[in-house]
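Read the structure below first, then the notes.
The values are calculated or read from the model by the stated rules, or taken from the named source; none is laboratory data. This one's a predicted model, so the numbers in the text were calculated from it and none came from an experiment. Here the Cβ positions follow ideal geometry from the backbone for every residue, glycine too, while neighbour counts run over all protein chains shown. Note: areas computed on protein heavy atoms with side chains; ligands, DNA, RNA excluded. Shrake-Rupley method; radii C 1.70, N 1.55, O 1.52, S 1.80 Å.
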Amino acid sequence: MLKTLSLQAVPVSTESQDPLFFSEAEDVNEPVSPYAATKRSVELISYTYHHLYNMNITNLRFFTVYGPRGRPDMAPFIFISRVTRGEEIEQYGDGSTSRDYTYIDDIVDGVIRAIDRPYPYQIFNLGKGSGTNLGEFIELIEKHVGKKANIKVMPAQPGDVPFTNADVSKARRLLGYEPHIPMEEGIIKTVAWFKETYGEDGEKMFG
């Protein structure tokens, strides 16, 4: 029997029905952005393949993954890079939006557990299980980069949700998943990697 994993960022509807957490059981069939719609479509297509061909398929919903060698188009890398080099960063909204930033080591642990524990068809959240608002996130970067951020406040982006926060109770119960890296420790590790790779002032970024 085939075993397949679908790895993706979280598909989010307009707002969570729970005021604190996003659960796998929530209705996410009204996504507010094309990006979220593509994520939900993957889950629906994968269910069709499970139904038609009896494939074991597990969909993993990643919540804002960051860490060493992270994607350069995401906020953790962009902000660390620009604060290190003394460049301006853009803050969308008043800084109150919150994201469940999840360190890469915790995500890798969750992926391995999902591979080792196949189910006929499942969806699991993989996140830290607690949110950090944008203002606090920037302050942590300032603290561990050792420089003050030059912040340009921008209007909130259309389709942006006020928070993401993973309910990981299902992954904990069925996979034994348990995130271990708190936000500040993850930022310390990521800043250390960035400076080792690109120099104390980011001088190696462009050759």
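Per-residue ellipticity at 222 nm computed for the chain from its helices equals -12000 deg cm²/dmol, with DSSP H segments shorter than 4 residues left out and the rest contributing -39,500 (n - 2.57). Maximal additional length on extending the Ser169-Lys143 stretch stands at 6.2 nm, based on 0.36 nm per residue less the C-alpha distance. Applying both filters, DSSP loop and at most 13 other Cβ atoms within 10 Å, to the chymotrypsin sites (Phe, Trp or Tyr not before Pro) of region 162-207 gives Phe206. Contact order for the chain, expressed relative to its length and based on alpha carbon pairs under 8 Å spaced 6+ residues apart, stands at 27 percent. Restricting attention to the chain, close to 10% of DSSP beta bridges with both partner residues there are antiparallel. Estimated from the Cβ-Cβ distance and a Förster radius of 25 angstrom, the FRET efficiency linking Asn133 and His51 is about 0.05. Using the 1.4 Å probe convention, the accessible area of region 44-143 works out to 45 Å² per residue with neighbouring protein chains retained. Longest exposed-loop-site-free stretch of the chain, with trypsin sites (Lys or Arg not before Pro), DSSP loop and at most 15 other Cβ within 10 Å? In short, 70-146.
In the neighborhood of Thr102, defined by Cβ-to-Cβ distances under 12 Å, what is the net charge if each Lys or Arg adds +1 and each Asp or Glu adds -1?
Result for the local shell: -1.
The amide H of Phe163, built 1.01 Å from its N in the peptide plane, has Ser98 as neighbours under 5 Å, considering only residues 5 or more places off or on other chains. Between the listed residues Pro68, Pro118, Ser96, the Cα displaced farthest toward the positive end of the dipole of the chain, a dipole computed from Cβ unit charges relative to the Cα centre, is found at Pro118.
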